[in-house]
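J.: Just passing along the structure, written as structure tokens.
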2 protein chains.
Amino acid sequence: MTRRRIRGSTQDDVRRHNLGTILTEVHRHGCRSRAELTAEMGLNRSTIGDLVAELVEAGLVLERSASARGRAGRPSLEVVPCPDAAYVLAVDLGVRHLVVARVGLGGDVLDRVEAEPGRDWSELDATVDAIVEACRRLRVGAPDGARCVGVGLSVPGVVRQEDGLLRFAPNLGWIDLPLGARLGERLDLPAFLANDADLGALAEHWRGAAVGYDHVVVISGEIGIGGGILVGGRPLRGRGGYAGEIGHLRVNPDGRLCRCGSVGCLETEAGVEALLGAAGRPVDGGLRAYREVLARVAAGEPKAAEAAAGVARWLGAGVGMLVNTFNPDIVVLGGPLGELFAVTEDVVRRTVARSSLVAPHEQVRLAVSALGTDAQVIGAAELAFAPLLEDPIGVLTSLAA
Amino acid sequence: MTRRRIRGSTQDDVRRHNLGTILTEVHRHGCRSRAELTAEMGLNRSTIGDLVAELVEAGLVLERSASARGRAGRPSLEVVPCPDAAYVLAVDLGVRHLVVARVGLGGDVLDRVEAEPGRDWSELDATVDAIVEACRRLRVGAPDGARCVGVGLSVPGVVRQEDGLLRFAPNLGWIDLPLGARLGERLDLPAFLANDADLGALAEHWRGAAVGYDHVVVISGEIGIGGGILVGGRPLRGRGGYAGEIGHLRVNPDGRLCRCGSVGCLETEAGVEALLGAAGRPVDGGLRAYREVLARVAAGEPKAAEAAAGVARWLGAGVGMLVNTFNPDIVVLGGPLGELFAVTEDVVRRTVARSSLVAPHEQVRLAVSALGTDAQVIGAAELAFAPLLEDPIGVLTSLAA
């Protein structure tokens, strides 16, 4: 159960808090029986019934008979979200991709637009225009009466927590941009911004491979390799938001020169280009060529398998360091690394075992991302849902005003 | 200022909280003027005066004229701790060292006993007896009327937070020992246990090189190399308390075999034995031989300098990885690593710059531990002071009962 700090002690505050808790539970879990809500929240059945009724009246949730879930025993009512009651727009902005999705209450991606695949999105005005246009199309496609409660953005850069200013996005060449404010104005919506790696890790924690785990390392990335790290359920940011640059852990001091200026970084030794190079392919072949090599590995072709095993060993060495450093519950491999892991799992696991200490190694799980390329969209959607989940009726009332 | 959550809302709770806040401020800072306390706590002068009077009456603090600090302007009263009013016993237990200190309110080490230097402390009964005997001697030496409020222990192992059970101390061969409870019984004192690396980092944060910084990496150790890491001011523990095993970051895949089974760990490449080996000395020469080599480096002897530079580069590579991973405010080098840094600072700094990204590198400070071998004692003392700082009058009353 998600617990929130109760800020005041007036009845209104308590009721708002309880409404938010119920909606959050239903949103995260997809459905919650009245009995579960009663047990988890420590409130009596009639209070829960009363709170649920208010959310039903606001159109945010529905009640249906729990027998729909095939349960035995006394039938109970269960509460489910209305995906079309409230939705958010979620933007996943990368250097070479721009995906905008409409995500409904309950977390399902209801609709999605990808703007000009492969285009370079470093020109600010064009990028804002493209986002606004994609959002417009998605809103037009939404059912009548569905209320858009906000827009969330995943960006490849450092975001200032207090006001969502994009401090620094090196691969886009952007510095100190009020991107959230600008989009919020253009769209006339509350806008929220966060770092892509942080959102990826939070998304796996909320809805993916890391549900139930608070100490999480997500390693992913296509061009570079980055880490989203949760410590006690919260993103590790460090002093300035740069924490988690684990693509530059040096796994091989005799390795290749990295674009960071160092040599033998995890990124240069275990990334897409490393596998292509090891397999004798042009290193700029991209994901298509990468997947071809992995398909050959899966088919048992020795040369491809050898190339993949070499790269997998560097990946395992990097994971081992992270296991020693963070003693995580789970390490989630996302993107191309997850695809590599799928065909070199034994090699990766053996190397992780060799390069980590027994105690933290015994406690860690290795898994492939459950969300794949949707992780940032799902994380960004949660950002935008947060105010509604904090104060459901208050947010709907302010939208209506 | 240290803020605490106020658990209830009765007047007693609020008063207890305020008394604890004042005592904590005075204990941490050595002295606090009434004006500072008034400003920091947001209470009016007469309330502060009243609270301070209660602490004075309990014998925990004194008031003196602030002119003693040489300030200009209107003289103000300042509040200072009475070091002999209340003290704790602080135990720093290592595999081959056992130091017990008497630490007064205000944090000064007032007295100290080292039990049989160099002895192996892995035999539990003998170790408990030695701690009890050292504590007895320190209590006998304390001034009449000084009240011992608890004992804190720093241990080289994993401690379960909830109840202070020592889960696992590999180098002592101990598993699941209720060491705190056992000592508490023998000494008839509240006893508190924590991991040595965590306490070392907290001590630097509270009273050492990392005061004012919340994102801290402390790298230290004599036999092994370990890390105490603070994320947002709190120790990074991970799932099972094993986080921070940064001595086993692999800096050199072509390096020597480490006792962990891996090769080229930071510990094997940058530790005491590494320098001794590089300098052509027997690797088991210990700290004395290590310091002889460092003295030769300081004196400009080329062969020693070359050996030290090689080791310093591996240290720098390890620090660079930690800078990328944690984006810390400060990296503190303790013990022999601090001594190495003092004579190879340029080499370490250059390597850190080369092996970390520009943005986090610009934000990090490198420093030598300010507490040296006292860090664990000071950390353990703070553990034992915590209940008194939470509820000063309540703890004194329960002692008197």
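J.: Please report, to two decimal places, log10 I(q)/I(0) for region B:327-399 at q = 0.11, 0.15 Å⁻¹ as given by the Debye formula with identical point scatterers on the Cα atoms and no solvent.
T.: One equal scatterer on each Cα of region B:327-399 leads to -0.47, -0.66.
J.: At 0.36 nm per residue, minus the direct Cα-Cα distance, what do A:Asp50 and A:Arg15 gain on full extension? Give it in nm, one decimal, please.
T.: Length difference between fully extended and current span is 11.6 nm.
J.: With +1 on each Lys and Arg Cβ and -1 on each Asp and Glu Cβ, and nothing else charged, work out how big the dipole of region A:283-396 is about its Cα centre, in Debye to the nearest 20.
T.: My answer is approximately 560 debye.
J.: When Cβ neighbours within 10 Å are restricted to other protein chains, what is their mean count per residue of peptide B:378-386?
T.: Counting other chains' Cβ atoms within 10 Å and averaging over B:378-386 gives 0.
J.: Here is a follow-up. Let me know the whole percent of all Cα-Cα pairs from chain A that are separated by more than 30 Å.
T.: That fraction is 46 percent.
J.: Further question: Using a Gaussian network for chain A with springs between C-alpha atoms less than 10 Å apart, which of these wobbles most: A:Asp176, A:Asp329, A:Asp374?
T.: Residue with maximal mean-square fluctuation among A:Asp176, A:Asp329, A:Asp374: A:Asp176.
J.: To continue, here is another question. Just to be sure I follow: if Rg is taken over the C-alpha atoms of region B:11-81 and Rh is the Kirkwood radius over the same atoms, what is Rg/Rh?
T.: 0.95
J.: Hey, got the dipole for the protein assembly as shown? About the Cα centre, +1 on K and R Cβ, -1 on D and E Cβ, debye to the nearest 20?
T.: Dipole of the protein assembly as shown, to the nearest 20 debye: 40 debye.
J.: No solvent, one uniform scatterer per C-alpha: report log10 I(q)/I(0) for region A:65-221 via the Debye equation at q = 0.13 1/Å, two decimals.
T.: The calculated log intensity ratios at q = 0.13 Å⁻¹ are -0.67.
J.: Which distances, shortest first and in nm, link B:Asp125 to the matching position in the other copies, using label points set 7 Å out along Cα to C-beta?
T.: Ordered by distance, the counterparts are at 8.5 nm.
J.: From the phi of every residue in region B:262-271, what ³J(HN,Hα) in whole Hz does the Karplus formula 6.51 cos²θ - 1.76 cosθ + 1.60 yield, where θ is phi - 60° and glycine or proline is x?
T.: For region B:262-271, the Karplus curve yields 8, 10, x, 5, 3, 4, 7, 9, 10, x Hz.
J.: Okay, moving on. Give the span of region A:270-311's Cα atoms along each principal axis, as three whole-Å numbers ordered largest to smallest.
T.: Taking max minus min along each principal axis of the Cα atoms, region A:270-311 gives 24, 18, 14 Å.
J.: With no solvent and one equal point scatterer placed on each C-alpha of region A:211-370, evaluate the Debye formula and give log10 I(q)/I(0) for q = 0.09, 0.14, 0.18 Å⁻¹, two decimals.
T.: So the normalised log intensities work out to -0.27, -0.65, -1.07.
J.: What average count of beta carbons from other chains do you get within 10 Å of the Cβ of residues in A:351-362?
T.: 4
J.: B plus A alone minus the pair: what accessible area, both sides summed, probe 1.4 Å, in Å² to 100?
T.: Separately minus together, B and A give about 3200 Å² buried.
J.: What size of dipole, in debye to the nearest 20, comes out for chain A about its Cα centre when the only charges are +1 on Lys and Arg C-beta atoms and -1 on Asp and Glu C-beta atoms?
T.: Its charge dipole is roughly 800 debye.
J.: If you don't mind, another one. Mind jotting down a quarter of the surface of the convex hull over the alpha carbons of region B:151-221, in square nanometres, one decimal?
T.: Average projection, Cα convex hull of region B:151-221: 5.5 nm².
J.: From the Cα gyration tensor of the protein assembly as shown, with a ≥ b ≥ c the square roots of its eigenvalues, which class applies: rounded if a/c is under 1.5, or else prolate if a/b is larger than b/c, or else oblate?
T.: It is oblate, given that a/c is not under 1.5 and a/b is not larger than b/c.
J.: Gap in Å between the Cα centre of region A:132-196 and the Cα centre of region B:205-266?
T.: What the calculation gives is 38 Å, centre to centre.
The values are calculated or read from the model by the stated rules, or taken from the named source; none is laboratory data. Quick caveat: nothing in here was measured; it's all calculated off a predicted structure. Here the Cβ is made from the backbone with ideal geometry for all residues, glycine too, and neighbour counts use every protein chain on show. Surface accessibility is based on the protein's heavy atoms, side chains included, excluding ligands, DNA and RNA. Shrake-Rupley method; radii C 1.70, N 1.55, O 1.52, S 1.80 Å.
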